[in-house]
Amino acid sequence: MRRGEHGSKIVFWKFDTREAETADGETAERKFAFLRYYTVFNLEQTEGLKALLELPSAFPIESAESVVRGMPSPPSFEQDSRASYIPSRDVVTMPSRTAFDSQDEYYSTLFHELTHATGHPKRLGREAFDSSQQFGSESYSKEELIAEMGSAMLCAVAGIEQGTLYNSAAYLKSWIARLKADSRLVISAASAAQKAADYIRGESPKDSPARKRESYAG
């Protein structure tokens, strides 16, 4: 608050009822007035709070929402403090939209987690997806590459790749380095990412476990 500024008083009041004991020991409802007052200041009278007006837009991007809505057999969604995919529960957790620097970054992160979810046995059944993966291991690094490549592909489909390209490229570079630039693994990850992106867009490959079960059932 700026020194010397004076606030304005506002009053909040309403009538309410509550139970009270009468003189003869019985209970009866009685009306009472609830009254409070507060001193408020205009934002222009403060310092250091204007940044609140500069929060990133939290409005959905329809092209990206369309991609999310189009995913067959999607996982469940929960709000959490961090973004993740939990295979055991088949749940994607995401922070609030306002926790991201931009809505492009929000969708890039969501696409990353949805790409992870395509590895579940009831979707694409990605090889070694169910096995325990140690952070930094080859299998873990490859799965992260798949997820980020899939995210980049879906961002391009949604037309938001320009807002996410720098962060995505930096992330991919870090995981490729962990694989020691093994071209075979990188190409394999890119192929798996394309299958994942196609699945999320509703273009399931014919050899996916889900499609095989449909064929057998038919």
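The values are calculated or read from the model by the stated rules, or taken from the named source; none is laboratory data. Computed from a prediction, not measured in an experiment: that's the story for all the values here. Note: ideal-geometry Cβ built from the backbone for every residue, glycine included; neighbour counts use all protein chains shown.
Residues checked against (1) outside the structural domain of GLU161 (by TED's automatic domain parsing); (2) at pLDDT below 95:
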position: ARG18; (1), (2): yes, yes
position: ASP24; (1), (2): yes, yes
position: ALA33; (1), (2): yes, yes
position: PRO75; (1), (2): no, no
position: GLN79; (1), (2): no, yes
position: PRO87; (1), (2): no, yes
position: THR98; (1), (2): no, yes
position: ASP101; (1), (2): no, yes
position: ALA117; (1), (2): no, no
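Could you check, for segment 129-138, whether at least one of its residues is at pLDDT 75 or above and under 21 Å from GLN103 (Cβ atoms)?
Checked against the condition, which is being at pLDDT 75 or above and under 21 Å from GLN103 (Cβ atoms), segment 129-138 yields no hits at all.
When segment 81-120 is filtered for residues that are surrounded by fewer than 14 Cβ atoms within 10 Å (Cβ to Cβ) and assigned to a loop (DSSP other than H, G, I, E, B), the ones remaining, listed by number, are SER81, ARG82, SER88, ARG89, SER96, ASP101.
Look through ALA170, ALA192 and report the one residue that is within 21 Å of THR109 (Cβ to Cβ), surrounded by 12 or more Cβ atoms within 10 Å (Cβ to Cβ) and not charged (D, E, K, R). Going through ALA170, ALA192 in turn, just one is within 21 Å of THR109 (Cβ to Cβ), surrounded by 12 or more Cβ atoms within 10 Å (Cβ to Cβ) and not charged (D, E, K, R): ALA192.
Across segment 173-189, which residue is modelled with the highest pLDDT among those that are among the hydrophobic types (A, V, I, L, M, F, W, C) and assigned to a loop (DSSP other than H, G, I, E, B)?
Checking each candidate, the answer is LEU179.
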